[in-house]
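Take a look at the structure below.
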Amino acid sequence: MTPGSSLAERRRAVRRRRGVAVVVLATLVLVAVLVTTAGGGRAPAPAGDRPVVRVGSGGHPATTRDRVRLREQTAIDHVLSYTSFISRGSPNKPEVAMTFDDGPGPFTTRVLAVLRRQRVRATFFAVGEEAQDFGAALTAVVRAGNVVGNHTQTHPTMGALSGRAQQRQVEDQEVLVGAHGVPPERLYRPPFGSYDRTSLSLLKRRRMLMVLWDVDTDDYTRPGVDAIARTAVDRARPGSIILMHGGGGDRSQTVAALPSIIRGLRAKGLRPVTVPQLLLDDPPPRSQGLPPSLAGG
């Protein structure tokens, strides 16, 4: 088998995996509806008292993580029903989404260690080619309960590419990260904030949401630990999406700034969450205006 045919086969496998995921999620929704109906509309029991729901072939139990993922996928679908992108949530709840681009890389596990100590989940937008060398770190991201989004295969300026080339960037990334335990991705972040109508059309076909940001820490310029922390905390508002970097270079300043960022956000009454959790708790307004192709990221 030639390398090209092997990659094509792996792309087909990714598409099949997406189809299976949709079936499983639909089954979970149906089971949840049936359980609620059988209970006569009673309020759900506390999480620790809920019975295990068995779904899928073989009757495998739906874990807590499965149920969280189901709620998050439902939230993404709801937002996609009225917008193709998000750059922040609504300012109604004291939550902010922390995001990390350009990994996985040698600093990914250090970022994870800080998040674990602080009991925070975040969203990582992964570059496919980086998974070839740092796949174990990407697997650790998923196992820790974080969310992984698509940041293309090689981090190009997508608005400058043809439609076919853009599609290959998204699909090839899925193939590589999927081999490291990443579930089918629903979130996408364009490198450098670059996109065009072709990008949006591609995402619409794939039922993916483009995630931009409203707080750029400029941490990739290595302005210093204090500067990174100050920018993140001072500019954050309820509903903000904070852009940081966990790969693509020396991210030691970002790692060192993380504890101060999390403490500072909490001191302002803001709770760090994943992007899907932000969508679930405080979805963006319907009146968003599509921003111009951005710089940075």
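Computed on alpha carbon atoms, what radius of gyration and Dmax characterise segment 68-118, expressed in Å?
14.5, 38
Hey, what's the Cα Rg ratio for segment 137-291 versus the globular rule of thumb, 2.2 N^0.38 Å?
In units of the 2.2 N^0.38 Å rule of thumb, it is 1.08.
What base-10 log of the normalised intensity I(q)/I(0) is obtained for segment 213-297 from the Debye formula, alpha carbons as equal point scatterers, at q = 0.14, 0.18 Å⁻¹?
-0.52, -0.83
Taking N as the number of residues in segment 197-243, what value does Rg over Cα atoms divided by 2.2 N^0.38 Å take?
With N residues counted in segment 197-243, Rg over 2.2 N^0.38 Å equals 1.55.
Long-range amide H contacts for E95: which residues qualify at under 5 Å (H placed 1.01 Å from N, peptide plane, sequence gap of 5 or more or a different chain)?
G239, R271
Over segment 116-177, how many percent of alpha carbon pairs lie in each 5 Å bin up to the one with the longest distance?
All Cα pairs, binned at 5 Å, distribute as 4, 18, 26, 21, 13, 10, 5, 2, 1 percent.
Roughly what would the spin-label model give for R197 and D250, points 7 Å off Cα along C-beta, in nm?
The answer from the label model is 4.5 nm.
What accessible area per residue, rounded to a whole number of Å², is obtained for segment 225-280 using a probe radius of 1.4 Å?
Numbers: 1930 Å² over 56 residues.
In whole numbers, segment 225-280 has 35 Å² accessible per residue.
So what's the net charge close to R263: Lys and Arg +1, Asp and Glu -1, counting the other residues with Cβ under 15 Å from its Cβ?
Local charge sum for R263: +4.
When the label point is put 7 Å from the Cα of S162 along its Cα-to-beta-carbon vector, which residues of segment 188-202 have a backbone N closer than 20 Å?
Within reach of a label on S162, which here means backbone N under 20 Å from a point 7 Å along Cα→Cβ, segment 188-202 contributes 195-202.
Starting from a Cα-only point model with no solvent, please compute log10 I(q)/I(0) by Debye for segment 171-251 at q = 0.25 1/Å.
Each listed q corresponds, in turn, to -1.19.
Could you calculate the contour length gain from A144 to Y82, that is, 0.36 nm times the residue separation minus the distance between their Cα atoms, to one decimal place in nm?
19.2 nm
When Lys and Arg each count +1 and Asp and Glu each count -1, what net charge do the other residues less than 13 Å away from Y188, Cβ to Cβ, add up to?
+2
In a solvent-free Debye calculation with one equal scatterer on each Cα, what is log10 I(q)/I(0) for segment 65-157 at q = 0.20, 0.22, 0.24 Å⁻¹, listed in the order of the q values?
Taken in order of the listed q values, log10 I(q)/I(0) reads -1.12, -1.25, -1.33.
At 7 Å along Cα-to-Cβ for each site, give me the label-to-label distance between A267 and N92 in nm.
Taking the two extended label points, one gets 3.0 nm.
Given 10 Å bins starting at zero, what is the percent of C-alpha pairs of segment 60-216 in each, up to the one with the largest pair distance?
Bins of 10 Å from zero give 10, 40, 39, 11, 0 percent of pairs.
At T74 and D226, where each label point lies 7 Å from the Cα along Cα→Cβ, what is the point-to-point distance in nanometres?
4.7
The values are calculated or read from the model by the stated rules, or taken from the named source; none is laboratory data. As the structure is a prediction and not an experimental result, all values here were calculated from the model. Cβ coordinates were reconstructed from backbone atoms using ideal geometry, including for glycine residues, and neighbour counts include every protein chain displayed. In case anyone asks, the SASA skips ligands and DNA or RNA and just uses the protein heavy atoms, side chains included. Shrake-Rupley method; radii C 1.70, N 1.55, O 1.52, S 1.80 Å.
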